[in-house]
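To start, the structure under review is shown below, and the notes come after it.
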Amino acid sequence: MLETKRPEQWVKPYGDTLGDGRVQLSFTLPVALDETSKEGAKRLAAMMGLSDPAVVHCEDMGQGFSFYVVYGQCRHQVDLSSFQVVKPDYEVMDKEAINALIAEKMGRRMVVVGATIETDAHTVGIDAIMNMKGFNGHKGLESYHEIRAINLGAQVDSEVLVARAIEEKADVILVSQVVTQKNIHLDNLTKLSDLLEAEGLRDKVILVVGGPRISHELAKELGYDAGFGSKSYAEDVASFAIHEWIHRKAA
């Protein structure tokens with residue numbers, strides 16, 4: 001079948017009027033706040049490609065640092081038809097449909113072990129997916145009666161997570177990574193994937209990662225089955241997990 005090309009769809013940022021390219025960005029400079037640093041912030045914005053940049057907010061952060069909010073006009077636009085985004089291929093279902101499919105296909109509860117690993121102390125992401133109350137009106141995996149959700153919390157060593165997954169005979173390992181300074185999340189996620197490979201478990205579990213700087217494409221590159229970024233909920237993860245489980249059993 002011949003692939004039909006999508007019609008061009010050029011877009012650029014919208015601020016006050018359609019197509020004006022108006023954007024706002026913020027950054028920190030390692031200098032104290034003064035008129036020179038404000039001018040430097042404006043010139044940096046211009047070098048980034050913004051027309052008519054203006055510092056609309058700034059404040060001294062102490063200890064030789066200052067913070068800036070700059071408003072300007074972006075010259076560039078992008079054709080949304082010129083690329084394709086890598087994303088997991090599955091149908092997102094509601095909680096009732098997920099429970100019914102797990103009961104029908106697995107004949108038992110799906111076991112999901114989740115944690116925020118290594119030095120990352122943030123629990124917001126893993127709790128939003130795992131805990132009973134969930135987030136933003138989306139109940140977490142603990143509320144799914146066909147899922148046994150085990151939330152180990154934050155700062156869990158990868159070795160501990162793998163050992164617990166073995167003990168619980170986990171179908172799914174769910175990892176959250178929020179701390180990303182110096183790309184530490186890449187080291188942490190690679191370590192976990194390598195440990196599972198070394199234990200001969202990688203193909204026996206569905207490995208999922210979520211976080212604000214996580215994409216499905218990045219997750220696949222790191223050896224994971226799926227990656228979920230912002231605005232992902234328990235039903236996204238659970239839908240992928242049961243579809244992936246069914247796919248593996250059929251293969």
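Brief remarks on what is shown
- Given (1) touching a Gly at 6+ places or on another chain (Cβ under 8 Å); (2) open to solvent by less than 20 Å² (accessible area, probe 1.4 Å); (3) part of a helix (DSSP H, G or I); (4) farther than 18 Å from residue 121 by Cβ, number of the condition residue 239 does not satisfy: (1)
- When 24, 84, 77 are screened for being under 24 Å from the mean Cα position of the chain (by Cα), modelled with pLDDT under 95 and open to solvent by 100 Å² or more (accessible area, probe 1.4 Å), only 84 passes.
- Failed item, numbered, when residue 18 is tested on (1) among the aliphatic types (A, V, I, L, M); (2) out of contact with any Asp or Glu (no Cβ under 9 Å at 6 or more places or on another chain); (3) closer than 26 Å to residue 78 by Cα; (4) at pLDDT 95 or above: (4)
- Among strands (runs of 3 or more DSSP E) entirely within the stretch 16-127, having at least 1 residues that are of a type in the set (S, T, N, Q) and not assigned by the TED database to the domain that holds residue 141 singles out 22-29, 50-62, 65-74.
- Scanning the stretch 175-195 for residues that are touching a Gly at 6+ places or on another chain (Cβ under 8 Å), open to solvent by 20 Å² or more (accessible area, probe 1.4 Å) and among the aliphatic types (A, V, I, L, M) gives a single hit, 178.
Each row is one residue, and each column tells you yes or no for (1) in contact with a helix residue (DSSP H, G or I) (Cβ under 7 Å, 6 or more places away or on another chain); (2) more than 16 Å from residue 226 (Cβ to Cβ); (3) among the basic types (Lys, Arg).
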residue: 101; (1), (2), (3): yes, yes, no
residue: 129; (1), (2), (3): yes, no, no
residue: 149; (1), (2), (3): yes, yes, no
residue: 164; (1), (2), (3): no, yes, yes
residue: 202; (1), (2), (3): yes, no, yes
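- Residue 154 open to solvent by less than 40 Å² (accessible area, probe 1.4 Å), assigned to a loop (DSSP other than H, G, I, E, B) and touching a strand residue (DSSP E or B) at 6+ places or on another chain (Cβ under 9 Å): yes
- Residue check for residue 198: more than 14 Å from the chain's Cα centre (by Cα), surrounded by fewer than 20 Cβ atoms within 10 Å (Cβ to Cβ) and modelled with pLDDT of 95 or more: no
- Some residue of the stretch 88-96 being over 23 Å from the mean Cα position of the chain (by Cα) and open to solvent by 40 Å² or more (accessible area, probe 1.4 Å): yes
- Here 19, 64 are screened, and the one residue that is more than 28 Å from the chain's Cα centre (by Cα) and either more than 30 Å from residue 84 (Cβ to Cβ) or loosely packed, with under 11 Cβ neighbours inside 10 Å (or both) is 64.
- Between 74, 58, the distinction of being more than 30 Å from residue 147 (Cα to Cα) and out of contact with any helix residue (DSSP H, G or I) (no Cβ under 9 Å at 6 or more places or on another chain) belongs to 74 only.
The values are calculated or read from the model by the stated rules, or taken from the named source; none is laboratory data. Bear in mind that the values here come from a model prediction, so they are computed numbers and not experimental data. Cβ coordinates were reconstructed from backbone atoms using ideal geometry, including for glycine residues, and neighbour counts include every protein chain displayed. Calculation scope for accessible area: heavy atoms of the full protein, side chains included, ligands and nucleic acids excluded. Shrake-Rupley method; radii C 1.70, N 1.55, O 1.52, S 1.80 Å.
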